[in-house]
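The values are calculated or read from the model by the stated rules, or taken from the named source; none is laboratory data. Please read all numbers here as calculations on a predicted model, not as lab measurements. In this analysis, Cβ positions are derived from the backbone assuming ideal geometry, glycine residues included, and neighbour counts consider all displayed protein chains. Please note that ligands, DNA and RNA were not included when accessible areas were found on the heavy atoms of the full protein model with its side chains. Shrake-Rupley method; radii C 1.70, N 1.55, O 1.52, S 1.80 Å.
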Amino acid sequence: MNSEEALLRVVEVSKSFRGQGRRGGVTVLDRVSMDVRRGGAQGLVGESGSGKTTLLRCVLGLVRPEMGQIFYEDIDLVRATSAAWRKIRREVQLVPQDPYASLNPRMTVGELVEEGLIVHQMEPSRQRRRERVVETLGRVGIGADNLNKYPRAMSGGQRQRVAIARALVTGPRLLVCDEPVSALDVSIQAQVLNLLQDLKAAFDLSLLFISHDLAVVNYLCEEVAVMSKGRIVEAGSREAVFAHPRHVYTRELIAAVRSP
Amino acid sequence: MPSAAFVHLAGVFRSFMRMGIFDRIVLGTVVVVIVLALFGPLLAPYDSLRSDIVNAFQPPSAAHWFGTDQQGRDVLSRLLVGGQISLLSSVAIVALFALIGVIVATTATLGGRWVDQVLMRAVDVGLALPGMVLALGLAAALGPSVQSAIIALGLSGWPATARLLRTAMAETMAQPYIEGAKVLGVPKARLLLRHIWPNAKDVLVVQWTMDVGVTIVVLASLSFLGVGAQPPTPEWGAMLTEASGQIGTAWWTFAAPAATITVTAFAFGLLGEMLQMRDGQVEEGPL
């Protein structure tokens, strides 16, 4: 895929963690390449320990890969200056995994959502900021009467909506979703997935969606990559990967979903 | 906003009414001690420094509730005036070492691995040294006075705070919401003020409350040993020094300041424990 079509391009990224003392290091990412199409939804599946979380952390600039490049637009995130990152932070947002631990318990819902506007100096007027917070919360189905609540007073599903609003408020173009429904009740999962689907269409978002749940990825992503032991073992359209899995590991994953 | 302040006060009052009898006594004692210390000089029935040799060694009576000392000074008045020195000095000492501790812990947390290692080894050394002896030496070197004692204790007390806050901050830094804030683009200063400190501070509030209690005793000890407040200053420890020869003959000159120190130190220590229990309940409670 060329840079016309891809919003995010991960090119031959490698990362290993150094071991303690004489023990050798562990290779977590081994020349991983992957793209997220503009306006597309790229799923990334793999068991825990497969390296998918590390890849996500590389994309978010939390971990620095040893080799390779990660292009967002034409900026190489691995070598980007902090000035470049300021812009990127606004456009690349994270929907976290665990809505219980990912919201600061000392901040109210209003403060949590407002923070992006403050740190990116997007709205100097307090009044306007509040309006935008209310608007964004409304977009994810949280009423303005919740503004002064603390996260602990809300349910898991509500918290995840707040987390999504927090990511949405800066007007991002790429949403990186780190198993966004795995910590939620099954009955709530579908609601949150539908919400993400709606928002993607409404705001022209691109999604990088990480999960170990094939059913969830199948629902939301038209492109799928499968990771195992630090490598992408299979990638392609949803139909191709699910209908004709070529790699043993993919077959195992699919079999695991179908068995009760 | 007066209405908000009123609502807050009403909330405080309501939580006071919900407390057990023991907690009420502890909180009540602390409030009384603080009020007496702040307004002591105004409440004192006699001049705390004026001697009246004719009335020396009067036992407790209606005129002198806690009796008079060897120079005929009213012991109650001296305790009230001295309360300001003892309590405010202790608060100043805790504030001083708290400030140093917070700076050290924060620098260690944010300064990277080497800075962290160096500072935390310094904390180990600081904790290994007996604080009282260190403070004694420092105060003696600075020249015996209340100010010297404050500086000496302030400079020797910080390692415990630094260690505690460093641990609490490390725990907080590992929380997913800190990483989330970084991804959102929150700058370091705001990260510290809005995300790290508010979530790490609880354990310190408890510690500092207890520290005030301990510091009252330590400050009195320094004065008793002669490197803190000097006679005729009515600091509680200094009063003990002056009274130490008369335990057998005029017990009240010794017992009154000793009991005052004990009650005050206990009250602050128990208040700290109370806050700790309440923290636990809040954490584990459903809401």
DSSP beta bridges in the protein assembly as shown: the antiparallel percent, rounded to 5, is 55 percent
Low-density loop cleavage sites - trypsin sites (Lys or Arg not before Pro) in the range A:177-260, where at most 13 other Cβ are within 10 Å (DSSP): A:ARG246
Which trypsin sites (Lys or Arg not before Pro) in the range A:7-76 sit in a loop by DSSP (not H, G, I, E or B) and have at most 11 other Cβ atoms within 10 Å of their own Cβ? A:ARG18, A:ARG22, A:ARG23
Estimated translational D of the range A:18-80 in µm²/s (Stokes, Kirkwood radius over Cα pairs; 4 °C; 1.567 mPa s): 97 µm²/s
Hey, which lysines would be in cross-link range of A:LYS15, C-alpha to C-alpha under 18 Å, not counting anything within fewer than 8 residues on its own chain? A:LYS52, A:LYS229
Starting from the Cα of B:LEU38, step 7 Å along the direction of its Cβ; do the same at B:ASN55; then give the gap between the two resulting points in nm. 3.0 nm
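From the C-alpha gyration tensor of the range B:1-150, pull out the three semi-axes of the equivalent ellipsoid (sqrt of 5λ each), sorted largest to smallest, in whole Å. Mind dumping the intermediate values first?
Working: eigenvalues 299, 168, 35 Å².
Taking √(5λ) for each Cα gyration eigenvalue gives 39, 29, 13 Å.
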What are the radius of gyration and Dmax of the range A:140-193, computed over its Cα atoms and given in Å? 11.5, 30
In nm, to one decimal, how far is the B:TRP251 label point from the B:VAL31 one, both placed 7 Å along Cα→Cβ? 3.3 nm
Rounded to whole angstroms and listed largest first, the alpha-carbon spread of the range B:153-207 along its three principal axes comes to 42, 17, 14
Could you compute how fast the range A:6-258 diffuses translationally, taking Rh as the Kirkwood radius over C-alpha pairs and applying Stokes-Einstein at 37 °C with viscosity 0.692 mPa s? Give it in µm² per second. 173 µm²/s
Decide, for chain B, between rounded, prolate and oblate: order the square roots of the alpha carbon gyration tensor eigenvalues as a ≥ b ≥ c, take rounded if a/c falls under 1.5, and otherwise choose prolate if a/b is larger than b/c, else oblate. oblate
Using label points projected 7 Å from each Cα along Cα→Cβ, tell me how many nm separate B:PHE266 and B:VAL203, to one decimal. 2.9 nm
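Run the numbers on chain B and let me know its relative contact order in percent, using alpha-carbon pairs under 8 Å that are six or more apart. Provide the component values of the computation, followed by the final result.
Numbers: 391 pairs, mean separation 59.4, N = 287.
Relative contact order comes out at 21 percent.
If you build the convex hull over the alpha carbons only and average its shadow over all orientations, what do you get for the range B:170-276? Give it in nm² to one decimal. Before the final figure, lay out each step's value.
Values: hull surface 37.2 nm².
Mean orientational projected area (the range B:170-276, Cα hull): 9.3 nm².
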Longest principal axis of chain A (C-alpha) makes with the long axis of helix A:109-119 (C-alpha) an angle, in degrees to the nearest 10, of 80 degrees
Extension length gain for A:ASP198 and A:HIS247 (0.36 nm per residue less Cα distance), in nm, is 14.4 nm
Can you work out the base-10 log of I(q)/I(0) for the protein assembly as shown at q = 0.06 1/Å, using the Debye formula on its C-alpha atoms alone? -0.46
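Rolling a 1.4 Å sphere over the protein heavy atoms, what is the accessible area per residue of chain A, to the nearest Å²?
Ligands and nucleic acids excluded, the figure is 47 Å² per residue.
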For chain A, longest principal axis from Cα atoms; helix A:82-91 axis from its Cα atoms; angle between them, nearest 10 degrees, is 80 degrees
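Add -39500 (n - 2.57) for each DSSP H run of 4 or more in chain A, then divide by its residues: what number comes out at 222 nm, to the nearest 500 deg cm²/dmol? Please list the in-between numbers first.
Details: 9 runs with 98 residues, N = 260.
Per the formula, -11500 deg cm²/dmol.
Helix by helix, which DSSP H runs in chain B go 18 Å or more along their axis at the Cα atoms and have an average Kyte-Doolittle hydropathy of -1.0 or more?
On the way: long enough: B:2-18 (24 Å, 0.71); B:21-43 (30 Å, 2.35); B:75-110 (51 Å, 1.97); B:113-128 (22 Å, 0.57); B:158-173 (22 Å, 0.09); B:202-225 (35 Å, 1.70); B:251-284 (49 Å, 0.42).
Once both thresholds are applied, what remains is B:2-18, B:21-43, B:75-110, B:113-128, B:158-173, B:202-225, B:251-284.
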What ³J(HN,Hα) values, in whole Hz, does the Karplus curve 6.51 cos²θ - 1.76 cosθ + 1.60 give for the range B:46-52 when θ = phi - 60°, with x put for Gly and Pro? 10, 6, 6, 10, 6, 7, 8
Average Cα contact separation per residue, chain A, under 8 Å, 6 or more apart, as relative contact order %: 26 percent
